[in-house]
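*Asks:* Dropping the structure in here first, questions after.
Please treat every number below as a calculation from the coordinates, not as lab data. Just so it is clear, the structure is predicted and the values come from calculations on it, not from any experiment. Neighbour counts are summed over all protein chains in view; Cβ atoms, including those assigned to glycine, are modelled from backbone coordinates with ideal geometry.
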């Protein structure tokens, strides 16, 4: 009973997640602890150019003891900027609070700063009549919250060749010692397979992993392992449509990635023809 | 006396599970789930629920491939004879198979998959939108305990193999 009372007291006393600021300029982007990074397998975002940054609390480390599901220290902050035709449109920001919960916000660029978008999301009209979807908080969580790690791009297979430098810098703890000299990777039979399965890992793996969506299609990759064989026809059908009820990924894109689809078709139709 | 404690705990757990399923049965029967998810058949006194296919969704043998073309006038929605397919401005939607069949129903779903679907209005909490006439704005306000009870009841049903088709988007203007 005493323990229960203590737990209740702790829960009542725990601070709620701090509200994210109204302006991007107030989030700390550009500060001394902020570092840029780039995943090697891109998430298709209808051709938008992207830049990404991460800031860890001073002296904190990322726990890489589960190589494919890194855990981040409280206070970790990330940003992702989307640009269309050379102009920044939106910057997404998320922060891990002391209570272990991630907070998500999107900021829409207006002049020299970006303003926080409504939590329900919004649709922007871009020059040339293009529509641009700013995701709702729920949409952010749809991709990030249920993944093996909510941070999708700052991960072993996505950083790949950049990992040894992070190891030497002491930024990772619990990681395999071999990563200090050899970048983590998965096993692919060919360069095309490496690119194609990396593409699927980046675009689909955050839902299609063991313990993810209950669909028998495993597209997430594991460090040091071969990709699981999958139904290539099903992948091509879903990636090759923008029927809103059938397309994959189901959100975050209105246009087919022609180049990505061609890569997948080459891999599944020529390399993996039954 | 001590040796009875594990057995009593086991019995208490079983009673709790039964209570939850019963609560779920009550909620399903009073929240209109069968209105869309159990197909209608023509009986002696008109359309009636086909209880042999209870909660198994739109019958795969009843093939409909395209939404009804929008018509002038006051009508917006067209309902198939089974009451399991709906055509409207969103296109064509089919009631899902809610029985625990592994291949075609909720058999592989976790409790969290079910809760997230109802909470977010997205399939499995992260896929395509759940379409009308599913009253997500109503059911999403249920408590976690009630949604868990509904899921426990649905998982207790006999599985019925019935592959419900994918929804169809409206034709582009």
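*Asks:* Taking the number of other C-beta atoms within 10 Å as the exposure measure, put A:80, A:173 in order starting with the fewest.
*Replies:* Working: A:80 19, A:173 14.
The fewest-first ordering by Cβ neighbours comes to A:173, A:80.
*Asks:* Right, here's the next one. Per residue of A:139-145, how many C-beta atoms from partner chains lie within 10 Å of its own C-beta, taken as a mean? The partial results should precede the final answer.
*Replies:* Details: counts 3, 0, 4, 7, 1, 1, 3.
Across A:139-145, the average partner-chain Cβ count within 10 Å equals 3.
*Asks:* Over chain B, what is the mean sequence separation of C-alpha contacts under 8 Å (at least six apart), divided by residue count, expressed as relative contact order in percent? If you can, show how the numbers build up before the last one.
*Replies:* Details: 276 pairs, mean separation 47.0, N = 173.
In percent, rounded to a whole number, it is 27.
*Asks:* State, as an integer percentage, the relative contact order of the range A:202-260 based on alpha-carbon contacts under 8 Å between residues 6 or more apart.
*Replies:* Values: 50 pairs, mean separation 12.7, N = 59.
Averaging sequence separation for qualifying contacts and normalising by length gives 22 percent for the range A:202-260.
*Asks:* Within a 10 angstrom radius of each residue's Cβ in A:243-252, how many Cβ atoms of other chains show up on average? Whole number is fine.
*Replies:* Working: counts 6, 7, 13, 5, 3, 2, 2, 7, 5, 0.
Counting Cβ atoms of other protein chains within 10 Å of each residue's Cβ and averaging gives 5.
*Asks:* Suppose R0 equals 45 Å; then what is the FRET efficiency for residue B:77 and residue A:165 from their Cβ-Cβ distance, rounded to the nearest 0.05? Don't skip to the end; give the middle numbers.
*Replies:* Working: r = 59 Å, r/R0 = 1.31.
Calculated value: 0.15.
*Asks:* Can you tell me the FRET efficiency between residue B:5 and residue B:52 if r is taken as the Cβ-Cβ distance and R0 is 35 Å, rounded to the nearest 0.05?
*Replies:* Working: r = 44 Å, r/R0 = 1.26.
The formula returns an efficiency of 0.20 here.
*Asks:* Once the principal axes of the Cα atoms of the range A:120-253 are found, what is the range along each, listed largest first in whole angstroms?
*Replies:* 49, 34, 31
*Asks:* Between Rg and the Kirkwood Rh of chain A, both from Cα atoms, what is the Rg to Rh ratio?
*Replies:* On the way: Rg = 19.8 Å, Rh = 20.2 Å.
Value, to two decimals: 0.98.
*Asks:* How high is the relative contact order of the range B:15-80, in percent, with contacts defined as C-alpha pairs under 8 Å that are six or more residues apart?
*Replies:* 21 percent
*Asks:* While we're looking at this one, here's another question. On the Cα set of the range A:135-192, report Rg and Dmax in Å, please.
*Replies:* Every Cα atom of the range A:135-192 included, Rg and Dmax give 14.4, 41 Å.
*Asks:* Roughly how large, in nm² to one decimal, is the mean projection of the convex hull of the alpha-carbon atoms in chain B?
*Replies:* Details: hull surface 53.2 nm².
One quarter of the hull surface, i.e. the mean projection, equals 13.3 nm².
*Asks:* May I ask you to sort B:104, A:181, B:82 by Cβ crowding, counting other Cβ atoms within 10 Å and putting the fewest first? Each step should come with its number before you reach the end.
*Replies:* On the way: B:104 18, A:181 9, B:82 21.
Listed from fewest to most nearby Cβ atoms, that is A:181, B:104, B:82.
*Asks:* Here is a further query. Can you give the FRET efficiency to the nearest 0.05 for residue A:215 and residue B:35, using r as the Cβ-Cβ distance and R₀ = 30 Å? Show your work: numbers first, answer last.
*Replies:* On the way: r = 28 Å, r/R0 = 0.93.
Once rounded, the FRET efficiency stands at 0.60.
*Asks:* Using a 10 Å cut-off on Cβ to Cβ distances, tally the other chain neighbours for every residue of B:126-134 and report the average as a whole number.
*Replies:* Working: counts 16, 10, 8, 4, 0, 1, 0, 0, 0.
Mean partner shielding for this stretch: 4.
*Asks:* Looking at chain A as a GNM with Cα springs under 10 Å, which of A:132, A:245, A:199 has the largest mean-square fluctuation?
*Replies:* Ranking A:132, A:245, A:199 by mean-square fluctuation puts A:245 first.
*Asks:* Multiply the residue separation of residue B:18 and residue B:102 by 0.36 nm, subtract the distance between their alpha-carbon atoms, and state the gained length in nm to one decimal. List each step's numbers first, then the result.
*Replies:* On the way: separation 84, 0.36 × 84 = 30.24 nm, distance 2.23 nm.
Going from the current span to full extension adds 28.0 nm.
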